[in-house]
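The values are calculated or read from the model by the stated rules, or taken from the named source; none is laboratory data. Because the structure is predicted, anything quoted here is derived from the model rather than measured. When we count neighbours, we look across all protein chains shown, and the Cβ atoms used for this are built from the backbone with ideal geometry, even at glycine.
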Amino acid sequence: MPARRNSRIRRASAAVFTLLLTQMAGRAFAQAADGSTASPDAAVPLTGFGRLPHNLSPWNMFTSADIVVQAVMVSLAFASVVTWTILIAKTLELLAARRSLKAGLSVLGNSQTLEQAAVHVHAGRSAIVHLITAALQEAMMSADMPSDGLKERTQSRLERIEAAEGRTLALGTGVLATIGATAPFVGLFGTVWGIMNSFIGISKAETTNLAIVAPGIAEALLATALGLIAAIPAVVIYNHFARAIAAHKALVADASAEVLRLVSRDSDRRQSAVTAAATAPARAAQ
């Protein structure tokens, strides 16, 4: 009797354990089925920056980015606008200066005296006008002095005008150099910040789902792209202006040489006139 009773207890315990396992397995399958039929929005967890965007267009990435990344993007966009503004303004300035300089060189080449060149050259802020004015002023200030050092004094004045012309034309190009050198690193800062926020979102969501990290990385890479968009044109435009300004300075040097030749001619004419006046009485006596 005790053996039969123990056998019945063991069979009853096994039946209860099997029933419990069956119920647990049924609940697990039901939960799995509910998770597979749930909506995609419910399946994707939320991060600390709001619900993940589904449209990864540049504008949506900008609006959903962190405030620091947005500030980086805005600064890079502003730098790009400054670059193209300098391109337009400096191109117009160089074209006008080159046109005026070539016209002045033609006048200097066809003039016999410095006064004749001053009459025919057009008034304005051209480098030719400054060169001729400086030469005339030095000639007037040296009228009661020997003409031996006139050319050297005039050349010193013209060299200062050439240097001032180069500095005037170079205004604004330093901004291009700064943008070209710093914009990639500013974009890289935005990239690092955006990726850091993406990993923070992964930590808060407690999941390694790619849908959590992808939007943040895309926003970070957009900052890098904007940095390159601002830097590459700035470097190219800076190199273009460096060559154009060097060519313009060479033309200014040619104009300075023309003015010095006219100064030398006028000085020799005055010296010849003085010599002729001094020898005229002797020739008359003969």
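Some notes on this structure:
- The range 84-109, residues that are touching a Gly at 6+ places or on another chain (Cβ under 8 Å) and either among the charged types (D, E, K, R) or modelled with pLDDT of 90 or more (or both): 86, 89, 90
- Of the residues in the range 158-175, at least one is among the polar types (S, T, N, Q) and either at pLDDT 80 or above or in contact with a Gly (Cβ under 7 Å, 6 or more places away or on another chain) (or both).
- The set of residues in the range 137-185 being surrounded by 18 or more Cβ atoms within 10 Å (Cβ to Cβ) and over 42 Å from the mean Cα position of the chain (by Cα) consists of 138, 139, 150.
- Among (1) part of a loop (DSSP other than H, G, I, E, B); (2) aliphatic (A, V, I, L, M); (3) closer than 21 Å to residue 84 by Cα, the one test that residue 183 misses: (1)
- Contacts under 8 angstrom Cβ, first residue in the range 156-174 being basic (Lys, Arg), partner part of a helix (DSSP H, G or I) and surrounded by fewer than 16 Cβ atoms within 10 Å (Cβ to Cβ), 6 or more apart: 157/137
- If you go through the range 212-247 and keep only what is over 30 Å from residue 169 (Cβ atoms) and either surrounded by fewer than 17 Cβ atoms within 10 Å (Cβ to Cβ) or touching a Ser or Thr at 6+ places or on another chain (Cβ under 6 Å) (or both), you end up with 213, 214, 216, 217, 220, 221, 223, 224, 225.
- Candidates 80, 106: the one that is in a helix (DSSP H, G or I), out of contact with any helix residue (DSSP H, G or I) (no Cβ under 6 Å at 6 or more places or on another chain) and not hydrophobic (A, V, I, L, M, F, W, C) is 106.
- The range 132-144 residues that are not assigned by TED's automatic domain parsing to the domain that holds residue 258, paired with ones that are assigned to a helix (DSSP H, G or I) (beta carbon under 7 Å, 6 or more apart): none
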